[in-house]
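One structure below.
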Amino acid sequence: MGTCSGGQGVPATVAPLCSAPHPSPHYLLPPIHEVIHSRRGATATLPCVLGAQPPSYKVRWSKVEPGELREVLILVTNGLHARGYGPLGGRARMRRGHRLDASLVIEGVRLEDEGRYRCELINGIEDESVALTLSLEGVVFPYQPSRGRYQFNYYEAKQACEEQDGRLATYAQLYQAWTEGLDWCNAGWLLEGSVRYPVLTARAPCGGRGRPGIRSYGPRDRHRDRYDAFCFTSMTAGHVFFVPGRLTLSEAHAACRRRGATVAKVGHLYAAWKFSGLDQCDGGWLADGSVRFPITSPRPRCGGLPDPGVRSFGFPRAQQAAFGTYCYSE
């Protein structure tokens, strides 16, 4: 116990001067790497290791959901038994590499698994926690429906990304995409609930001629305000291939079915362009009724732009027999 000076004559409102007490033991070791990188479909391990074992304790894992401003319980263990909770279900388990190991293993990583996690030690005296971030390698793509720009409220934007094999991008993901060349004038929803757009070449129609960067509309009303969406997707388990022809949208679906596949979603095409280097100078139908094509090596007559990317013809009439199709096979 520490010793205190003062006492008699010290006003009641003034705390006595005490020598520093012995520091309480800290059981959780700080992680060497706070960001764990993974890919969709992989097995990811979030390290949490005790330096010593308390006499009685629990370890609780939770995930911070930025779009909902809440923590979701994943798993609780007392060192012997563990119980899982929430949407991760049976995909989350303890690693148990040794008696001091409280690391979390997530199998079959999904897009929604990305984010910030907390490993909390509860020992009844002084709780401790460490935070880690699970980061997926991926690609961000802007998305709007066939009706045109600025049609989504927050929840509709979230659903639209999920329908295209993605999820709403986070600010960090949009920033990374901006550093890699994403330049887009239309504002879109992000997972945190803010509305932003990335500008590399500052110009009058894109927020003025100031410095390049991420322009922000700030937090908006999630029900009332309407914008586009910035979606994020990662590597897929299947592959995308092109079927040439002059097909309508219904013929495109039939052509993919004959090959044991389905018409690719927008996220599938972006993932194939990003991770498999898909390069095809031919417009093809996608599942949402849009026509796009991926360019890895820019060249004349392939979209007319100097940088790699996924080009778009917009949303032609579904009965227009003028395009091939991109199919997705697991």
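The values are calculated or read from the model by the stated rules, or taken from the named source; none is laboratory data. Everything numeric in this text was worked out from a predicted model, so none of it was measured. For neighbour counting, all protein chains shown are included, and Cβ atoms are generated from backbone atoms with ideal geometry for every residue, glycine included. Note: accessible area is taken over every heavy atom of the protein model, side chains too, but ligands, DNA and RNA are not part of it. Shrake-Rupley method; radii C 1.70, N 1.55, O 1.52, S 1.80 Å.
Structure summary
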{"read-out": "Condition met for N153 (touching a residue at least 12 places away in the same chain (Cβ under 8 Å) and surrounded by fewer than 16 Cβ atoms within 10 Å (Cβ to Cβ))", "value": "no"}
{"read-out": "From Q159, Q151, Q144, Q164, residue being in contact with a helix residue (DSSP H, G or I) (Cβ under 6 Å, 6 or more places away or on another chain), modelled with pLDDT of 95 or more and among the polar types (S, T, N, Q)", "value": "Q164"}
{"read-out": "Total residues in the range 156-191, condition open to solvent by less than 20 Å² (accessible area, probe 1.4 Å) and either in a strand (DSSP E or B) or among the hydroxyl-bearing types (S, T, Y) (or both)", "value": "3"}
{"read-out": "Residues that are out of contact with any Ser or Thr (no Cβ under 6 Å at 6 or more places or on another chain) and either at positive phi or open to solvent by less than 60 Å² (accessible area, probe 1.4 Å) (or both), drawn from the range 196-207", "value": "Y197, P198, V199, A202, C206, G207"}
{"read-out": "All positions within the range 170-215 that are among the charged types (D, E, K, R) and within 15 Å of the chain's Cα centre (by Cα)", "value": "E192"}
{"read-out": "Unmet criterion (only one of (1) of a type in the set (K, R); (2) on the phi < 0 side of the Ramachandran plot; (3) surrounded by fewer than 16 Cβ atoms within 10 Å (Cβ to Cβ)) for R118", "value": "(3)"}
{"read-out": "Any hit, the range 315-328, residues being without any contact (Cβ under 8 Å) to a residue 12 or more places away in the chain and in a loop (DSSP other than H, G, I, E, B)", "value": "yes"}
{"read-out": "Of residues in the range 38-65 being among the basic types (K, R) and assigned to a strand (DSSP E or B), the one modelled with the lowest pLDDT", "value": "K58"}
{"read-out": "Criterion violated by P54 - all others in (1) touching a strand residue (DSSP E or B) at 6+ places or on another chain (Cβ under 7 Å); (2) surrounded by 14 or more Cβ atoms within 10 Å (Cβ to Cβ) satisfied", "value": "(1)"}
{"read-out": "Cross-chain or 6+ apart pairs with Cβ under 8 Å, the range 192-204 first and within 14 Å of V140 (Cβ to Cβ) and outside any loop (DSSP other than H, G, I, E, B), then open to solvent by 30 Å² or more (accessible area, probe 1.4 Å) and hydroxyl-bearing (S, T, Y)", "value": "R196/Y171; R196/S216; R196/Y217; P198/Y175"}
{"read-out": "Count - residues of the range 208-241 that are crowded, with 19+ Cβ neighbours inside 10 Å and either small (G, A, S) or part of a strand (DSSP E or B) (or both)", "value": "9"}
{"read-out": "Odd one out for P198 among (1) closer than 16 Å to G213 by Cα; (2) modelled with pLDDT under 95", "value": "(2)"}
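To keep it simple, each residue is scored yes or no on (1) at pLDDT below 95; (2) over 19 Å from Q319 (Cβ atoms); (3) open to solvent by 50 Å² or more (accessible area, probe 1.4 Å); (4) part of a helix (DSSP H, G or I).
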residue: A254; (1), (2), (3), (4): no, no, no, yes
residue: G260; (1), (2), (3), (4): no, yes, yes, no
residue: H268; (1), (2), (3), (4): no, yes, no, yes
residue: A272; (1), (2), (3), (4): no, yes, no, yes
residue: L278; (1), (2), (3), (4): no, yes, no, no
residue: C281; (1), (2), (3), (4): no, yes, no, no
residue: D288; (1), (2), (3), (4): no, no, no, no
residue: F293; (1), (2), (3), (4): no, yes, no, no
residue: R301; (1), (2), (3), (4): yes, yes, yes, no
